[in-house]
Every structure is written in structure tokens, then in C-alpha cells.
Amino acid sequence: MCLPHAGGSATFYLPFVSALSPDVDVVAIQYPGRQDRRAEQPLTDVDTLSDRIHEALLCQPPLPVTFFGHSLGALVGFETARRLEAGGSPVTHLFASSRGAPSLHRGESVHQRDDEGILSVVHYLNGTAANVLGNQEMMRAALPSLRADYQAADTYRCAPDVTIGCPVTVLTGDADPQTTSSEARAWERHTTSACAFHTFPGGHFYLSQQTDRVIALLKEHFAATAEDGRRPTVRP
């Protein structure tokens with residue numbers, strides 16, 4: 001299951017769908033307030049997002065689930081995994097991309113900035129396609145979702161001793177101003193299983209340039225987990 005970043009949408013993971021299907025059921029989550037869910041009110045906290053996803057998963061047959069979350073999505077994946085494990089549902093793996101450990105808090109308050117301030121952060125991180133960044137009307141239309149997502153990220157808190165039981169793989173860009181090496185390494189304290197680390201060339205959105213390498217890593221993971229005969233699922 002794939003979980004988008006702040007301001008992101010399910011379509012961000014289309015390359016994953018193309019590369020991993022049909023061997024893997026790739027499910028990308030569409031947060032409220034964007035694209036086909038634009039009419040819905042955006043959610044402003046990680047717990048509510050995770051609760052909603054957890055509730056939806058409980059309605060599905062129990063399958064081995066792998067989470068891939070980028071930035072904000074890494075926190076949502078962590079919290080959803082916590083909920084599933086607490087209820088006895090299997091979680092195979094969490095891939096946490098471009099996000100420091102859940103217990104680390106930088107004291108940022110992006111959601112409290114004015115519109116120009118939020119848009120400047122988006123431009124700085126370069127996480128939106130150039131044709132969209134240059135379209136003021138489209139960017140302004142996206143502001144409610146952006147502000148809500150940043151509020152979710154800014155206000156999220158997690159105690160240092162909170163853990164999940166599944167393995168975690170942390171992926172970062174070597175020039176990411178939002179995730180230092182030490183912040184990435186701190187994920188080790190949040191799993192009682194193995195924790196692996198991979199660094200790629202690029203910034204906060206290294207994933208856009210390193211898609212093939214990340215997909216290769218995912219294919220290795222799913223090849224290993226498919227040995228038990230159950231169809232693997234990646235839930236964004």
C-alpha cells in the first residue's frame with residue numbers, strides 16, 4: 001500500500017503500479033481533498049488518516065501487507081501498521097521514504113504560514129511537476145490540501161518507545177534537507193524487527209529520479225515474501 005506525501009495524490013505511484021503489476025496488488029491511497037476526492041474536506045491529523053485507512057483495510061480479506069510511505073506517508077504507514085498489528089492483522093514490511101523517525105520533531109509550523117509561505121516550501125522541495133508549479137491557478141486550488149497535510153505532519157507526535165513489529169526499510173536522498181542521516185537512523189528504535197537503510201542520489205523527492213532503483217528494491221522484497229504462496233500486496 002502506497003501513501004503519498006503532503007500535497008501528493010495516488011497518481012504519484014503510477015510507476016509502481018506499472019512496474020509491479022500483476023504480480024503485486026498495488027493499492028495507492030487517495031487522501032480526501034484532491035483529484036477525484038476534491039469535494040471532500042481534507043484531514044488535518046495523522047491519527048485520523050491512519051484510522052480511516054485501518055477501517056478500510058479491516059473490510060478486506062487478511063493479506064500480507066507492505067506499506068510504502070513517502071514523507072508524510074511514512075508516518076501514516078507507521079501508524080496504520082501499529083493499528084493493524086494491535087488487532088492481530090499481519091504487516092509484512094514498512095518502507096519509510098524521506099522522513100525521519102516518528103519520535104523526532106523539528107518544530108516546524110509550515111501550515112501556519114500564509115499562502116505564499118506554503119507555496120515557497122513546495123517550490124523549495126521541488127516535489128511538484130514543473131508545469132504545475134508554474135500554474136498559479138492550479139497551485140492555489142491545491143492550497144487547502146497542502147495546508148491540511150502540513151498541519152498533519154507538523155502536529156504529529158510519537159513517543160520514543162513506540163514500536164511496530166514488522167521490519168522497516170528507510171530510504172533517503174543524500175541531499176534531502178528534510179531528513180538527515182541521523183534522523184533516518186533513528187527509525188531503528190521504532191521497530192522490534194530488522195531496520196535497513198538505503199541512500200540514493202537526490203533531494204527530498206529523490207524518488208522521482210530514482211524510481212527504477214527503488215522499484216528494483218521492492219521487487220527483491222516481494223520475491224522473498226511471495227515464497228509462502230500468498231499474493232503480496234503493497235498498500236500506498
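Odds and ends about this structure:
- Taking θ as phi - 60° and the Karplus parameters 6.51, -1.76 and 1.60, the scalar couplings of the stretch 143-155 work out to 4, x, 5, 4, 5, 5, 5, 5, 5, 4, 5, 5, 9 Hz in sequence order, x denoting glycine and proline.
- Taking other residues whose beta carbon is less than 11 angstrom from the beta carbon of residue 47, and scoring Lys, Arg as +1 and Asp, Glu as -1, yields +1.
- Degrees between helix 211-225 axis and first principal axis of the chain (Cα, 0 to 90, nearest 10): 30 degrees
- Counting charges near residue 195 (Lys, Arg +1; Asp, Glu -1) among other residues having Cβ under 15 Å from its Cβ returns a value of +1.
- Where [x] 32, 19, 18; [y] 60, 24, 14; [z] 26, 19, 18 are the candidate values, the label of the one calculated here for semi-axes √(5λ) of the Cα gyration tensor in Å is [z].
- Residue among 210, 60, 112 with the largest mean-square fluctuation in a Gaussian network model of the chain, springs linking Cα atoms under 10 Å: 60
- Listed peptides 65-78, 38-51, 144-157 by packing density, highest first (mean Cβ within 10 Å): 65-78, 144-157, 38-51
- Computed over protein heavy atoms with a 1.4 Å probe, the accessible surface of the chain works out to 45 Å² per residue.
- Carbon/sulfur fraction of accessible area - the chain, other protein chains in place, 1.4 Å, %: 50 percent
- Relative contact order computed over the chain (Cα-Cα under 8 Å; 6+ residues apart), in percent: 28 percent
The values are calculated or read from the model by the stated rules, or taken from the named source; none is laboratory data. Computed from a predicted model, the values in this text were never measured in an experiment. Cβ coordinates were reconstructed from backbone atoms using ideal geometry, including for glycine residues, and neighbour counts include every protein chain displayed. Note: areas computed on protein heavy atoms with side chains; ligands, DNA, RNA excluded. Shrake-Rupley method; radii C 1.70, N 1.55, O 1.52, S 1.80 Å.
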